[in-house]
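Read through the structure below, which is laid out as structure tokens, and then see the notes.
The values are calculated or read from the model by the stated rules, or taken from the named source; none is laboratory data. For clarity, every value in this text was computed on a predicted model and none was experimentally measured. Ideal geometry is used to build each Cβ from the backbone, glycine not excepted, and the neighbour counts take in all protein chains shown. Just so you know, the surface numbers come from the protein's heavy atoms only, side chains and all, with ligands and any DNA or RNA stripped out. Shrake-Rupley method; radii C 1.70, N 1.55, O 1.52, S 1.80 Å.
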Amino acid sequence: MPPPTRSRWTGPLLGVTLLSLLPALWLAYERVRYEESHKAVAVVMDYPELKSQADRYGRDPLELLADYRELGVNGVAVYEDVLGGWQNRGEVFVKSGADLLAQYPGEAFAPGKFYLSEVRPGALAALEGRFSIQPRSVTLAGREWQEWNINPAYLPVGPDNALIDTLKSQGYTVIYRPYDNEALLNVGADWPEVPFIAFNGTEVPGARDPQRLEQVNAALGDRLPALIEATPQRGLGTLMEGRGAVRMFSLNAQWQQNLRPEETASKYALAARERTHRLLYVRPYPTITETETFLGRTSELLGRAGITLAQPRVDAFAPNTALRWLTMLGPLAALLLIGLSYPLPRLGLLVAGLALLGALGLNRFEPFGGMALVASIAFPALGFVLWRSRVTHWFTATALSLAGVLFVSALGANPQSMLGLEPFRGVGLTLIAPLALVLGSYLPRQDLRQTAADLYRRPISMGDIVVMGLALVAFAVMFLRRGNTSAVGVSDAEARIRQEVQDSIIRPRFKEVLGHPLALLGLSGGLPGYFPGLLLLGGVMGQASILNTFAHFHTPLLISATRMFIGLGVGLALGYALIFALRWGLQLWETHGGGLPERSGRSEVRS
């Protein structure tokens, strides 16, 4: 493995990096304090689904809800009423003209029309001036009717205030789910006094009409809109400006039916623990027994994570801007030090400059986001660019990566990114760019044209081709297996193991568990030729994964730190086990197999 090159600026630039850690540490403390004070969640039951289950079992919905409350349900989602709901409660009649004509052949009912009549006196008075559509009043078959050109059964008619007041009086957190309709006037004028509004569909009311959207924005008042997981809603960003949002997790009802209750509970607990969802929107299973299993397991997992069941308190995280500017000096110093530590310093400075411009460009020259990306690509590489001759240098490289974690958090965490609204731009580069930075430090101190010629003339054996192929496959798997959904899937057995691990502890990342042992093995000095350098690149991927973990700003900082330390512990244990196995294997081979070929020479195993 090529030895590192040391710059005379190493000490001063490391000193600048260490000094800039001070504001980064304070910002990390402020973030942890904020996150620890916002660990309450509401387990919100879908009321229509609850009522449907209660009706199938002949139960009163509120009594069944009380049973589920013992298992952790402390919130209810109530949809806006529609005229069809009034009909189901016997307050109005909604009938088609064709049905009425068949019932009353001698009356002048129009087959293509719909007719609305009240059963409860005064019911229709509440609809006056509510819609832009004006029905015609007629008297037919001895009743007063409103004649509509459309079916009015689906028109939104406001909240069921009696139900909402009952739920609020019993201490439930109520989430209101209004409908939108083009015929509706004064959108939001009758929304109830609830803390959260969860809109339906892929658009908020007025998303296509700026004037109407402004009306909705005014009607929202102090209520917070729900930011529903994996459900982009057009116009929601406008409603969030100046007030924020509350993250809400739910599962598709059809998908939930294909999952065991324990699997569903694991997903909800993970969302609350690691993705800061504060509203867990649940639906009952077909049977009460399955629902009880699901809710009981969810409450158990939330309790293990120290998450309380209460109405969430939601306010924006506000990091100190001046401290963030001071923190920028650390990533800049680290990137400059990498460039100066190349065997060809001019090339190194060019690479560092391009990396800086690329990071800022990907973040539209927003300084904090750009420098967070600089930190995430510089610090995983810095340790192995400066030191890579013995096993203990892995600890040095890891310490620098931990410093990088503080810079990434300080610069990248803001109200938008912590809600998951502002993705970390360039996240894919956090796994690739550090490899390129370390690989550049492998270049010999000679003309690049000579290096290219040497590489071109170097003989390649079949063994080299096999090793390079395996290395490419390994790097591809490590890169593609990132994010919540990766391009490389997992087997059913691995999925089951993952669930068991994440229910018991915070699951470490695959890239760290694999990458750290590779670095330790490469630094052990027991392998010939290019193997140490190749293995060290695998270790760079492990270091890069540490920074990548902390680039998910919606995950609490302590959760990411726990995941990282578990990965470090497992990787360190596996690494030393591999070093022991390598020593034993080499000794066995040299004793009975004739020894390793002295292709490029090898050194003794160092620790």
Scanning region 275-288 for residues that are open to solvent by 10 Å² or more (accessible area, probe 1.4 Å) and within 16 Å of PRO312 (Cβ to Cβ), which turns out farthest from the chain's Cα centre (by Cα)? ARG278
Could you tell me which residue of region 218-249 is nearest to the chain's Cα centre (by Cα), considering only residues that are among the polar types (S, T, N, Q) and open to solvent by 30 Å² or more (accessible area, probe 1.4 Å)? THR231
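Going by the structure shown, is GLN87 touching a Leu at 6+ places or on another chain (Cβ under 8 Å) and either of a type outside the set (Lys, Arg) or open to solvent by 20 Å² or more (accessible area, probe 1.4 Å) (or both)?
Details: touching a Leu at 6+ places or on another chain (Cβ under 8 Å): no; either of a type outside the set (Lys, Arg) or open to solvent by 20 Å² or more (accessible area, probe 1.4 Å) (or both): yes.
Here the answer is no, as GLN87 does not meet what is asked.
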Taking the condition touching a Ser or Thr at 6+ places or on another chain (Cβ under 7 Å), assigned by the TED database to the domain that holds SER441 and of a type outside the set (A, V, I, L, M), does HIS516 pass? no
Residue check for ILE164: on the phi < 0 side of the Ramachandran plot and assigned by the TED database to the domain that holds ALA226: yes
Using beta carbons and a limit of 7 Å, which pairs, at least six apart or on different chains, have the first residue in region 303-331 and closer than 13 Å to SER409 by Cα and the second one among the basic types (Lys, Arg)? PHE317/ARG31
Just to be sure, is PHE93 open to solvent by 50 Å² or more (accessible area, probe 1.4 Å) and touching a strand residue (DSSP E or B) at 6+ places or on another chain (Cβ under 8 Å)? yes
Identity of the residue in region 334-355, touching a Lys or Arg at 6+ places or on another chain (Cβ under 8 Å) and open to solvent by less than 30 Å² (accessible area, probe 1.4 Å), that ends up farthest from ARG8 (Cα to Cα): PRO343
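For a quick check of your reading: which helices (runs of 4 or more DSSP H) sit entirely within region 317-398 and have at least 3 residues that are within 27 Å of the chain's Cα centre (by Cα)? Break it down into steps so the answer makes sense when it comes.
Values: elements: 321-327, 329-340, 345-362, 367-386.
It comes to 321-327, 345-362, 367-386.
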The condition from (1) in a helix (DSSP H, G or I); (2) among the basic types (Lys, Arg); (3) out of contact with any Leu (no Cβ under 8 Å at 6 or more places or on another chain) that ARG31 misses is numbered (3)
Yes or no: region 306-313 includes at least one residue that is open to solvent by less than 50 Å² (accessible area, probe 1.4 Å), in contact with an Asp or Glu (Cβ under 9 Å, 6 or more places away or on another chain) and not small (Gly, Ala, Ser). no
Does region 356-377 contain at least one residue that is surrounded by fewer than 16 Cβ atoms within 10 Å (Cβ to Cβ), without any contact (Cβ under 8 Å) to a residue 24 or more places away in the chain, farther than 21 Å from LEU326 by Cα and of a type in the set (A, V, I, L, M)? no
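Please pick out the residue among GLY420, GLY426 that is part of a loop (DSSP other than H, G, I, E, B), touching a strand residue (DSSP E or B) at 6+ places or on another chain (Cβ under 9 Å) and at positive phi. Walk me through it before giving the result.
Numbers: GLY426 fails: touching a strand residue (DSSP E or B) at 6+ places or on another chain (Cβ under 9 Å).
Criteria check complete, one pass: GLY420.
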Go through (1) under 30 Å from GLU30 (Cα atoms); (2) in the same structural domain as ALA24 (by the TED database) for SER250 and report which single condition fails. (2)
In region 250-260, which residues are in a helix (DSSP H, G or I) and open to solvent by less than 20 Å² (accessible area, probe 1.4 Å)? GLN256
Residues GLN134, GLN146, GLN170: which one is modelled with pLDDT under 95 and either open to solvent by 30 Å² or more (accessible area, probe 1.4 Å) or under 31 Å from the mean Cα position of the chain (by Cα) (or both)? GLN134
Condition (residue is open to solvent by 20 Å² or more (accessible area, probe 1.4 Å), over 30 Å from PHE407 (Cβ atoms) and among the basic types (Lys, Arg)) applied to region 19-39: is it met by at least one residue? no
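Filter region 385-399 for residues that are buried (at least 24 other Cβ atoms within 10 Å of the Cβ) and not small (Gly, Ala, Ser); which is nearest to ARG364 (Cα to Cα)?
Checking each candidate, the answer is VAL385.
Pull up region 591-607, narrow it to residues that are more than 19 Å from MET1 (Cα to Cα) and open to solvent by less than 90 Å² (accessible area, probe 1.4 Å), then point me to the one that is modelled with the lowest pLDDT. So that I can check it myself, show each step before the final result.
At the first step, the residues of region 591-607 found to be more than 19 Å from MET1 (Cα to Cα) are 591-595.
Right, trim to open to solvent by less than 90 Å² (accessible area, probe 1.4 Å) and you get 593-595.
On the way: GLY593: 62, GLY594: 58, GLY595: 55.
Here the residue is GLY595.
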Can you tell me which of (1) open to solvent by less than 60 Å² (accessible area, probe 1.4 Å); (2) within 23 Å of MET371 (Cβ to Cβ); (3) modelled with pLDDT under 95 is the one GLN416 doesn't meet? (1)
Out of ALA272, ALA207, ALA265, I need the residue that is in contact with a strand residue (DSSP E or B) (Cβ under 6 Å, 6 or more places away or on another chain) and buried (at least 23 other Cβ atoms within 10 Å of the Cβ). Which one? ALA272
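Which is of a type in the set (A, V, I, L, M), modelled with pLDDT of 65 or more, open to solvent by 60 Å² or more (accessible area, probe 1.4 Å) and under 19 Å from ALA544 (Cβ atoms), of LEU455, LEU402, LEU472?
Details: LEU455 fails: under 19 Å from ALA544 (Cβ atoms); LEU402 fails: open to solvent by 60 Å² or more (accessible area, probe 1.4 Å).
Just one listed residue meets the conditions, LEU472.
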PHE424 fails exactly one of the following numbered conditions: (1) closer than 14 Å to GLN543 by Cβ; (2) open to solvent by 20 Å² or more (accessible area, probe 1.4 Å). What is the number of that condition? (1)
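Please indicate, with yes or no, whether at least one residue in region 173-183 is touching a residue at least 60 places away in the same chain (Cβ under 8 Å), open to solvent by 50 Å² or more (accessible area, probe 1.4 Å) and assigned by the TED database to the domain that holds LYS51.
Our first condition is that a residue be touching a residue at least 60 places away in the same chain (Cβ under 8 Å); within region 173-183, this holds for 173-179.
In the following step, the residues that additionally are open to solvent by 50 Å² or more (accessible area, probe 1.4 Å) were identified as 179.
Narrowing the set further to residues that are assigned by the TED database to the domain that holds LYS51 leaves 179.
Yes - at least one qualifying residue is present in region 173-183.
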List the helices (runs of 4 or more DSSP H) that sit entirely inside region 38-91 and contain at least 2 residues that are within 23 Å of PRO156 (Cβ to Cβ). 47-57, 83-88
